[in-house]
Amino acid sequence: MDLWNSVLLGFSISLEPINLFYCFMGVLMGTLIGVLPGIGPVATISILLPATFKMSPISGIIMLAGIYYGAMYGGSTTSILVNIPGEAASVVTCLDGYQMARKGRAGPALGISAFGSFIAGTFAVVALTLLAPPLAEVALQLGPPEYFSLVILGFTLLAYLAHGSMIKALMMACIGLIMACIGLDFISGFERFTYGIATLEDGIGLVPVAMGVFGVGEVLINLEESIGKREIFKAKISNLLPSLKDWKDSLLPIIRGSVLGFFLGILPGGGAVIASFTSYAVEKRFSKHPEEFGQGAIAGVAGPEAANNAGAGGNFIPLMTLGIPANPVMALMMGALVIHGLQPGPLLLSQNPDIFWGVIVSMYVGNIMLLILNLPLIGIWIRVLRIPYPFLFPLILLFCLIGSYSISNNKFDVLIMALFGVIGYLLRKIRFEAAPMLLAMVLGPMLEDALRQSLIMSGGSFTIFLVRPFSLTFIGLAAILMAFPIIKWILGKKTRLAAELPKEDHT
Amino acid sequence: MPVWVAVILALLSGVSWIETRTRKLPPVQVQSTVGERQWSNVIWTAASLLAYGFLIEILGFILSTMFLLLFLFRFMGRQKWWVVFSGSVLVTLISHAIFKLALKVQLPAGLFNI
């Protein structure tokens, strides 16, 4: 099937009324939770995952994807108007977006972030359409040793790109791998780490953990900080359309942000957050007036907002072509596909072209819906922001509880979620990132399978990872990335990526 | 494999410990875990979630949810009593309608079968 026909197939599926409806629901909910601080896409997708069991797989995935990129749009609104990031990828938008709002230019800031998001989102979907099929071809050539090395490279990248300490990120990944071992061993059938508890035989579910760490943990953090102190920008917002000069200042940042965001989105651990931070740093360097950054430079809004949306699109590449999720959101999407009996990875394209193209094309449709939702409805989103937190957080908790219970109608999932809520809270306190742990939980079984299959192939020799060219390349890259900080440390230069980026004050 | 991962983990924590010891810069300011903030909120909320997990199959969804919301709205959210009551009853009924009736999610009926 050539590209043109594939895209047409995608349109025919995504324009079915039922799928249009779920796409709309997805982007609407995505924007809503993007606007609301304290609940992000990971928690929302895990809450709604059980609700998709009754839908057709394609509608379910379309809705979940809509939540993700919808949240990227919504997050900017809160950043600009309240100076609190609606979700993590909008942290940098606070810097210049809020300054613009204070100077009475909230309208253009909101406008440019919506248009920038739209342009970047569309770019990412086009790039995804063009890049995914050839990559899936390549991925079909990879065997277990290559997968093992690729996942190792993924973890290394994840740790390298982490906000905080690389060591901490690697430690979290190790804990995730150990958690992935809980339950029945797939090859030998032994029970591991179950301590005789029947519920643990199936392992710890990803969804309750994700909900606990990202949903409950976030609520607990917010509860500790005094409740309900939030200043909303009150001035009337007029003139959403950016002026010609605004466009001139932001067109290049949007284009750079789109490209940068998309490719960073492909990397494991990359995705929207890293993309927006990097774009901000890049724009500041490219700008003729770097001193304006932080004072309300429109480029500082346009670039990162474009980048985080393009990143959200790029995230789908490793999932759709390799079956390897790049971040917790994609891990949940992978869970959703598996629950519906679909195997994400290179075969998805050939075995379920309807799912593959339907989802991708629904993103074009969703992007258009978002533009329509965001510009005229901005007033509604501002009103949503006025919902007081004391009223909001019990609802978030309740949804998490219902969501975790309904995965398998088991109260142990609720307990696991509550427990991981506390763990997530503590992790945030001691500045450990939860994302590597969650990803390792998903990738753990894959990694272990690949490792054991490779060793069976090679008769127990570890050299198998070093004699196959692809595998060697991946391992080599991972080794270089690991060695980088050590070399720099020896040279006495403390210039990690994170050092150049604006400090994160709001999380 | 868990053994190897554990070994790596131990090595990493060792490196991390050495790093914090030898670093010239002051380490990242860690917020005090037990501080002047309202950390009791955190403990109470977490405890209420655990209690909910234990009670949901005994009391059933409607009753346990109502109790949980009463507690959270009143003691954590510090709302007025009429807001607390109307809020928890409304939210419980609406969520019951959405999840059980519309989305057909299986929610426990509990001992009292409601």
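Read the figures in this text as sums done on the coordinates, not as results from a lab. Predicted, not measured: the structure shown is a model, and the values here were computed from it. Using ideal geometry, Cβ is built from the backbone for each residue, glycine included, and neighbour counts are taken over all protein chains shown.
What to note about this one:
- DSSP-loop chymotrypsin sites (Phe, Trp or Tyr not before Pro) across the stretch A:419-496, with at most 16 other Cβ within 10 angstrom: A:Phe462
- Shape class of the protein assembly as shown from the Cα gyration tensor (axes a ≥ b ≥ c, square roots of the eigenvalues): rounded, since a/c falls below 1.5.
- Positive-end residue of A:Ile480, A:Pro318, A:Pro57, charge dipole of the protein assembly as shown with Cβ unit charges: A:Ile480
- Rounded FRET efficiency, nearest 0.05, which uses the C-beta distance separating A:Asp354 from A:Met482 and R0 of 35 Å: 0.25
- Inter-chain shielding of A:390-400 (mean C-beta neighbours from other protein chains, 10 Å cut-off): 6
- The listed peptides A:120-130, A:42-52, ordered by packing as a protection proxy, come out as A:42-52, A:120-130 (highest mean of other Cβ atoms within 10 Å first).
- Vicinal HN-Hα couplings computed from phi for the stretch A:275-280 (Karplus, 6.51 cos²θ - 1.76 cosθ + 1.60; Hz; Gly/Pro x): 4, 5, 5, 5, 4, 4
- Dipole of the protein assembly as shown, positive end: most advanced residue of A:Ile80, A:Ser165, A:Ala127 [Cβ charges, Cα centre]: A:Ile80
- Evaluated with a Cβ-only charge set (Lys, Arg +1; Asp, Glu -1), the protein assembly as shown carries a dipole of roughly 1760 debye about its Cα centre, given to the nearest 20.
- Here the stretch A:281-342 and the stretch A:44-117 have alpha carbon centers that stand 12 Å from each other.
- A:Lys103-B:Phe54 FRET efficiency (beta carbon distance; Förster radius 41 Å; 0.05 resolution): 0.20
- Simple rule: put +1 on each Lys or Arg Cβ and -1 on each Asp or Glu Cβ in the protein assembly as shown, find the dipole, and look at A:Met363, A:Phe462, A:Gly261; the Cα lying farthest toward the positive end is A:Gly261.
- Note that the stretch A:383-396 has calculated 3J(HN,Hα) couplings of 5, 4, 4, 7, 4, x, 4, x, 8, 7, 5, x, 5, 4 Hz, one per residue in order, obtained from phi through the Karplus relation 6.51 cos²θ - 1.76 cosθ + 1.60 (θ = phi - 60°); glycine and proline are x.
- Burial ranking of peptide ranges A:166-176, A:69-79, A:382-392 (average Cβ count within 10 Å, highest at the top): A:69-79, A:166-176, A:382-392
- Amide H to amide H distances under 5 Å link A:Asn327 with A:Gly269, where only residues 5 or more positions off or on other chains count and H is placed in the peptide plane.
- When shorter helices are ignored and each DSSP H run of at least 4 residues is given -39500 (n - 2.57), the per-residue value for chain A at 222 nm works out to -23000 deg cm²/dmol.
- Cα centroid separation, the stretch A:1-23 to the stretch B:36-85 (Å): 44 Å
- Members of A:Lys168/A:Lys288; A:Lys54/B:Lys80; A:Lys103/A:Lys284; A:Lys103/A:Lys429 lying beyond 32 Å, as alpha-carbon distances in this model show: A:Lys168/A:Lys288; A:Lys54/B:Lys80; A:Lys103/A:Lys429
- For A:Phe11 and A:Leu251, the FRET efficiency from 1/(1 + (r/R0)^6), where r spans their Cβ atoms and R0 equals 30 Å, is about 0.60.
- Phi angles of the stretch A:444-452 translate, via the Karplus equation with coefficients 6.51, -1.76, 1.60 and θ = phi - 60°, into HN-Hα couplings of x, x, 5, 5, 5, 4, 4, 4, 5 Hz per residue; Gly and Pro are given as x.
- Taking amide hydrogens as placed 1.01 Å from N in the peptide plane, the amide H of A:Ser165 sits under 5 Å from that of no residue at least 5 positions away in sequence or on another chain.
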